[in-house]
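Quick notes on the structure that follows.
Just so it is clear, none of the values below were taken in a lab; they were calculated from the coordinates. As the structure is a computational prediction, the values presented were derived from the model and not from experiment. Cβ atoms come from the backbone with ideal geometry, glycine included; neighbour counts cover every protein chain shown.
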Amino acid sequence: MAKVTKKCFFIIKILIITNYLTLSAYSLEIIRDTELETFTNEIISILLKKNELNQNEIKTYFIKSDQVNAFVTGGKNMFINTETIIEAEDYREYAAVLAHELAHIIGGHIFNTSIELTNMSNKALPVYLLGIIGIMAGATETGLAGVMVGQASISDGFAYYSRTQEASADQAAVKILCRNGIDGSYLINFLNKIESVEEKKFFDKKNYRSTHPLIKDRITWVNLALKNFNSCNYDEDKLLNKRFELLKAKLHGFTHSHLETESIYSSDSDIDLYATAVSSYFQGDHKRSQENLQILINSDPSNPFYKELIGEIFFVNGDYDRASFYHKMAIEELSFDNDLYFMMMGNYLISSNDTKKILEAVYYLKKSIQINEKNAYSWYLLARSYALLDNIPLANYATAERYFLIGERALSYEFAIKALKNVEEYTPEWYRSLDLIEVLKKEVLNKR
């Protein structure tokens, strides 16, 4: 699931349009999945009901990782490791993680920490690791945390500064949870769960200096905050929790071995069938995956994610008509327009090599880009569509946009010039080609 290929295009639609964020010598495998993004955004929306922070300002990214962690960087970017979701007992623990990260954003800790790091060491990367694990360290076994900070020298003064922020974020998280109808004690539940992980994997006095407090201190702060909310023991939202269990099952089937998934999800419940459907798909047992998904679709015909996955399985097996059939139903069942769904539909239609369907693909891909103009793979597919329709000027334009997004400035400039020569004048594509040339001209020509 490291690349987008025809055979494994959305790879569970944990659509790996796989991007890599390279920090030091470390690559983060960023995944996208509509079910994952939808559920997370819904929880964030609940948590921000009584806050002035605009949810649209927050950009959430998911990292395929077996480490329990979450962090934010400047610009209100939140990163969540898949294992964090898998380890959460129910949606309230996951909500507690999100509330903690939101508290750091609301408190302006990212900006302040960046300044503090800059003041302390010019080698420090201005990224604030806020994980529930929350470690900044130099030991190699600390994984992502160590990489994010690099070789920065962290002084005792900064360590205290971070602990102050952590105390503030933990207590603010309780406030966010309790004010929005979610039991704040689930932050303690999750902290207790990861304490043994922290001690086992990270705590080594010879190589480790934590800028975050011990779990027991954080639990004390959370308990103090809970005393201010005597009525914070809200009941579980059973529908939300069922959706969360399905999401966890899907992620487990995607990120863990087939053997492990089968040992944990071994019943004939819909949650277990979903986990093994995903795991069997990656194992190559498409027949079993399809059988499980058909049972699930019959049980809950309004669930778009089952139809999405079975459509993907038909696609990788070359049955483009049935892939399109199921995916169109998934689009209809989804309650909102989604760039990934439109992108996938475009890809399925292109693969048919039928002119009428390729024209339809252009429609879906344009809708995808209207929703998310930074979806580089949609631009790639749109360029392919135009090329198949023998519209080379628009294929050149779409290619210029794609190269611009992935940082290939010289290639973007070249294709924008090609597009401008033959694209119809005064159209949006013509004006945008002009813009790209103007933006890139100085940078590209100076490097020649």
Extension gain (nm, one decimal) between residue 302 and residue 287, 0.36 nm per residue minus Cα-Cα = 3.2 nm
Just add up the charged neighbours of residue 360: K/R +1, D/E -1, any other residue whose Cβ is under 12 Å from the Cβ of residue 360.
-> +4
Over segment 222-337, calculate the relative contact order: mean separation of alpha carbon pairs under 8 Å at least 6 apart, over the residue count, as a percent.
-> 16 percent
³J(HN,Hα) across segment 180-187 via Karplus (A = 6.51, B = -1.76, C = 1.60, θ = phi - 60°), whole Hz, x for Gly/Pro?
-> 10, x, 10, 4, x, 5, 6, 5
Computed magnitude of the charge dipole of segment 306-448 (debye, nearest 20; Cβ of K, R +1, Cβ of D, E -1) | 500 debye
Straight distance only, please: which aspartates and glutamates reach the Cα of residue 447 with their own Cα at less than 18 Å, same-chain residues fewer than 8 apart left out?
-> 408, 414, 438
Arrange the following residues from fewest to most other Cβ atoms within 10 Å of their Cβ: 179, 432.
-> 179, 432
Place a point 7 Å from the Cα of residue 295 in the direction of its beta carbon; the residues of segment 222-246 whose amide N falls under 19 Å from it are 243, 245-246
For segment 305-319, in order, what is each residue's ³J(HN,Hα) by Karplus, 6.51 cos²θ - 1.76 cosθ + 1.60 with θ = phi - 60°, in whole Hz (x at glycine and Pro)?
-> 6, 5, 5, 4, 5, 5, x, 5, 5, 4, 4, 5, 9, x, 9
On a C-alpha basis, how far is the centre of segment 403-448 from the centre of segment 90-109 in Å? Whole number, if you could?
-> 41 Å
Once residue 353 and residue 239 are pulled to full extension, the length gained, defined as 0.36 nm per residue separation minus their Cα-Cα distance, is 36.9 nm
Which listed pairs, of 76/242; 248/374; 328/374; 248/367, have C-alpha distances above 25 Å, in listed order = 76/242; 248/374; 248/367
Determine, from the Cβ-Cβ distance of residue 409 and residue 45 and an R0 of 51 Å, the FRET efficiency 1/(1 + (r/R0)^6), rounded to the nearest 0.05.
-> 0.90
Residue separation times 0.36 nm, minus the C-alpha to C-alpha distance between residue 421 and residue 260: what's the value?
-> 52.3 nm
Label residue 434 and residue 59 with points 7 Å out from Cα along Cα→Cβ: what is the distance between them in nm?
-> 2.8 nm
Going highest first, how would you order 304-312, 414-422 by mean Cβ packing within 10 Å?
-> 304-312, 414-422
